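The values are calculated or read from the model by the stated rules, or taken from the named source; none is laboratory data. Predicted model, so just to flag it, every value in this text is computed and none were measured. Virtual Cβ from ideal backbone geometry, glycine too; neighbours counted across all protein chains shown. Ligands, DNA and RNA are stripped out before the accessible areas are found, and what is left, the full protein with its side chains, is counted by its heavy atoms. Shrake-Rupley method; radii C 1.70, N 1.55, O 1.52, S 1.80 Å.
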Amino acid sequence: MYYPYFRGKQFELIAIRESAEVLASSGFVPIVEPVRESLSSLERTLSALGEQKTEVVVIVNPLHGDHKASSESIVSFLADRSTDSGTVSPGVLLTSDVAAPEAAALLNRLESDGFTAATVVHAGFTDARGFLAEIKFTQLSIRNAFFDKHTNLLYRRHFPDGQRVLIADGFTQMKNADYPPLEAFSDLHATFTERGMQGYGDFLTVGDNYSEGGGPAYAVAIHLTFIDPDQDNAMFVYHFKSDTNDTPTDPAGKFSQALNKLIAKLDSGNSGLVDTSAIGEFRTLHERGHFPGLGYVKKLSIKHHIETLAHYHRSQIHAG
Amino acid sequence: MKLNRIEAASLSKLFAATVMRDFAKHARSPQVAGIISNSRTISETAPEISVGSAFELAFSLLRRSQFRCDYVYRSALVQKLLLGRHTLSTATLLNEVRTGTAVADLTILNGTSTAYEIKSDRDSLKRLDHQVRNYRKVFATVNVIVNQSRVSETINRTPPDVGVLTLSDKFTIQTIRQPIDSPHRTDPIAILDILRANEAITILERLDRHIPAVPNTQIRSELHRAFSTLDPAAVHDQMVNVLKKSRSQAHLRDFVSSIPNSARAAALVSNPSPDSQERIKLALNTPLTEALAWK
């Protein structure tokens, strides 16, 4: 159903780990593109997911980060795990840089390593015919995930079978200081079946653009999503921002300015925000006057997003 | 052998922070392979040398070129002053300190604080007033280093306490106007802005001041309140003492002396861990023929 797409930075991996139970009980399948050279944090995340029997897809040929030059270390990392855990399956990213034979060779390699299923992520690749000809004899059960930005209907029409997932970025990235207080996020969670899909995904409240670290933050922003039943269940995102944004100093003080706005919104009673574990943590941080660091705030934002969608699908089942 | 403008710009990128980051992380850098294979001067003169020697060769060309880049000046300051006049045990280098809305290229802390603004042969002097005004709030001594041809313009554009230095064609630093060390004209609040919270707290303790125990979201405003009542010269002098320790590079002394001169300024500011130091050395010792295949 929901396939959140993660670049496996530290705080994202922790968010997945801490959301393992929610992901499992909701039938959500995270897709992780490892960007850090060390795979130990990924290992811990996969174990946490394994304990909950949560399915997870790990991209073996990342476009970004430390593994973009070679897929070797991730393939062998996953191959080691293919026998002891049925919950981890490989994903192959088809970008414009990948040629059809190369992609097919990677899938063959996965098949010979003992995998029975794989997810192909269509992300800018255009040679659909060539690719299909190359993989005609594969025994792998293939799930197709399409990046909305890089694929059109004509392209997707080549892949009518199996599970089909549409992944669209609902998060507009800009300088923190430039965010409006409220913005549309996505309606894919409510419309994916009408688009001929069995699942949908997004880049959570991180966004598709990948950047390493980045410079000092002039503004601090807390991004929190909610679903509005009065607007046909469309999803929106609040950007709670700090006020004094002219220097890159005092992120802790700026966080408390942003947090005050979030708490005021919550206390107004009409925020539309689901009372997630992350909201509980934000309330505690507010009471303690504590700044846990920007990565931690991002983690809470991600967890809130996942729990909000879990809550939505649960309520749809009850309603339907 | 004279570099043209394009090749000079390209070779200067060998000393970019991204290259040192790649060396530190992967012991190789595709960027270096690209730059060297595109440089006829380097790849054709001596294919059998090491990457480190190629850096030396590139640097010697850059410093003789008519287009001396920022790194030539930066490297001169590090080699001649930080590692020449001082040592890493007695002095500490701060790289690109943000002071207000300007960034001080290099600052050396020894008995006092000395900021250096580098105006390379291609930089404009337009922002100089603004930059110097910001640096004077934080550092007791401020110097500008420029090409000889721009000395008089620089002298006219800056207050008399600001030092003016030049880098000669022979790669020596000459003082044209002596700077005046003036810790009393600094501003404690501007100083606070370059400090980490724990550094600021240490400075207060050394001045027998304390802030109340507050949650971390309020620490900055408490520090702000405390610093605004302090004597500028006293804060400045404690800033020098505290930062010399907290940002000390003494542990990099052996590493820095083990790599070629030309790479020292770049390697030093990357502040590599022991593992990264080994990888940087490995990269610099790689034969060029092998390095050209880095990708």
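Kindly establish whether A:ARG156 is surrounded by fewer than 19 Cβ atoms within 10 Å (Cβ to Cβ) and charged (D, E, K, R). When the stated conditions are applied, A:ARG156 does not pass them. Acidic (Asp, Glu), assigned to a loop (DSSP other than H, G, I, E, B) and either open to solvent by 20 Å² or more (accessible area, probe 1.4 Å) or out of contact with any Gly (no Cβ under 7 Å at 6 or more places or on another chain) (or both): is that true of B:ASP275 in this structure? In short, no.
Of the helices (runs of 4 or more DSSP H) lying entirely inside the range B:34-125, the ones with 1 or more residues being more than 18 Å from B:VAL146 (Cα to Cα) are found at B:40-45, B:51-64. Within the range B:35-44, is even one residue in contact with a Lys or Arg (Cβ under 9 Å, 6 or more places away or on another chain) and at pLDDT 85 or above? The answer is yes, given that some residue of the range B:35-44 is in contact with a Lys or Arg (Cβ under 9 Å, 6 or more places away or on another chain) and at pLDDT 85 or above. Please tell me if B:SER246 is under 15 Å from A:ALA252 (Cα atoms), open to solvent by 20 Å² or more (accessible area, probe 1.4 Å) and either of a type in the set (Gly, Ala, Ser) or in contact (Cβ under 8 Å) with a residue 60 or more places away in the chain (or both). Against the criterion (under 15 Å from A:ALA252 (Cα atoms), open to solvent by 20 Å² or more (accessible area, probe 1.4 Å) and either of a type in the set (Gly, Ala, Ser) or in contact (Cβ under 8 Å) with a residue 60 or more places away in the chain (or both)), B:SER246 does not qualify. Restricting B:LYS80, B:LYS126 to those that are more than 14 Å from chain A (Cβ to nearest Cβ), out of contact with any helix residue (DSSP H, G or I) (no Cβ under 8 Å at 6 or more places or on another chain), in contact (Cβ under 8 Å) with a residue 40 or more places away in the chain and open to solvent by 40 Å² or more (accessible area, probe 1.4 Å) reduces the list to B:LYS80.
Scanning the range B:200-216 for residues that are assigned to a helix (DSSP H, G or I) and within 13 Å of chain A (Cβ to nearest Cβ) gives B:ALA200, B:ASN216.
So that you can scan it fast, the table gives a plain yes or no per residue for (1) under 24 Å from the mean Cα position of the chain (by Cα); (2) away from chain A (no Cβ under 14 Å); (3) of a type outside the set (D, E, K, R); (4) open to solvent by less than 20 Å² (accessible area, probe 1.4 Å):
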| residue | (1), (2), (3), (4) |
| --- | --- |
| B:HIS224 | no, no, yes, no |
| B:LEU252 | yes, yes, yes, yes |
| B:PRO287 | no, yes, yes, no |
| B:ALA291 | no, yes, yes, yes |
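The residues of the range A:205-252 that are more than 14 Å from chain B (Cβ to nearest Cβ) and in contact with a Lys or Arg (Cβ under 6 Å, 6 or more places away or on another chain), listed by number, are A:TYR210, A:ALA219, A:ALA221, A:PHE240. A:ASN61 passes every criterion in (1) away from chain B (no Cβ under 14 Å); (2) in a loop (DSSP other than H, G, I, E, B); (3) under 14 Å from the mean Cα position of the chain (by Cα) apart from (3).
Counting residues in the range A:284-294 that are over 27 Å from the mean Cα position of the chain (by Cα) and polar (S, T, N, Q) gives zero.
Do we find a residue being within 14 Å of chain A (Cβ to nearest Cβ), surrounded by fewer than 17 Cβ atoms within 10 Å (Cβ to Cβ), over 15 Å from B:VAL138 (Cβ atoms) and among the small types (Gly, Ala, Ser) anywhere in the range B:164-179? Checking the range B:164-179: not a single residue is within 14 Å of chain A (Cβ to nearest Cβ), surrounded by fewer than 17 Cβ atoms within 10 Å (Cβ to Cβ), over 15 Å from B:VAL138 (Cβ atoms) and among the small types (Gly, Ala, Ser). When the criteria are applied in full, B:SER120 meets the requirement of being crowded, with 18+ Cβ neighbours inside 10 Å and away from chain A (no Cβ under 14 Å).
A:PHE77 meets all of the listed conditions (1) assigned to a helix (DSSP H, G or I); (2) modelled with pLDDT of 95 or more; (3) of a type in the set (A, V, I, L, M, F, W, C) but one, namely (2). Being among the aliphatic types (A, V, I, L, M), assigned to a helix (DSSP H, G or I) and within 23 Å of the chain's Cα centre (by Cα) is not true of A:LEU106. Residue check: is B:PRO159 open to solvent by less than 80 Å² (accessible area, probe 1.4 Å) and outside the structural domain of B:THR92 (by TED's automatic domain parsing)? Here the answer is no, as B:PRO159 does not meet what is asked. Restricted to the range A:134-153, and to residues there that are under 22 Å from A:ASP97 (Cβ atoms) and part of a helix (DSSP H, G or I), the residue that is least open to solvent (accessible area, probe 1.4 Å) is A:ASP148.
Screening B:LEU192 on (1) away from chain A (no Cβ under 14 Å); (2) open to solvent by less than 10 Å² (accessible area, probe 1.4 Å) shows it passes everything except condition (1). Close contacts from the range A:278-299, counting a first residue that is away from chain B (no Cβ under 13 Å) and a second that is of a type in the set (Ser, Thr, Tyr) and open to solvent by less than 10 Å² (accessible area, probe 1.4 Å), with Cβ to Cβ under 9 Å and a gap of 6+ residues or different chains, come to A:ALA278/A:SER301; A:LYS298/A:THR205. Residues in the range A:262-277 that are within 14 Å of chain B (Cβ to nearest Cβ) and free of Cβ contacts under 8 Å to residues at least 40 places away in the same chain: A:ILE263 only.
Scanning the range A:114-133 for residues that are of a type in the set (Ser, Thr, Tyr) and surrounded by fewer than 17 Cβ atoms within 10 Å (Cβ to Cβ) returns A:THR116, A:THR126. Just to be sure, is A:ASP97 of a type outside the set (Phe, Trp, Tyr), part of a helix (DSSP H, G or I) and surrounded by fewer than 24 Cβ atoms within 10 Å (Cβ to Cβ)? For A:ASP97, the condition - of a type outside the set (Phe, Trp, Tyr), part of a helix (DSSP H, G or I) and surrounded by fewer than 24 Cβ atoms within 10 Å (Cβ to Cβ) - is not met. Condition (residue is surrounded by fewer than 19 Cβ atoms within 10 Å (Cβ to Cβ), among the β-branched types (Val, Ile, Thr) and under 23 Å from A:SER315 (Cα atoms)) applied to the range A:183-193: is it met by at least one residue? Yes, that holds for at least one residue.
When A:GLN257 is tested against (1) within 14 Å of another protein chain (Cβ to nearest Cβ); (2) open to solvent by less than 40 Å² (accessible area, probe 1.4 Å); (3) modelled with pLDDT of 95 or more, just one condition goes unmet, and that condition is (2).
May I ask you to verify whether B:ALA24 is open to solvent by 40 Å² or more (accessible area, probe 1.4 Å), among the aliphatic types (A, V, I, L, M) and either within 14 Å of chain A (Cβ to nearest Cβ) or free of Cβ contacts under 8 Å to residues at least 40 places away in the same chain (or both)? The answer is no for B:ALA24.
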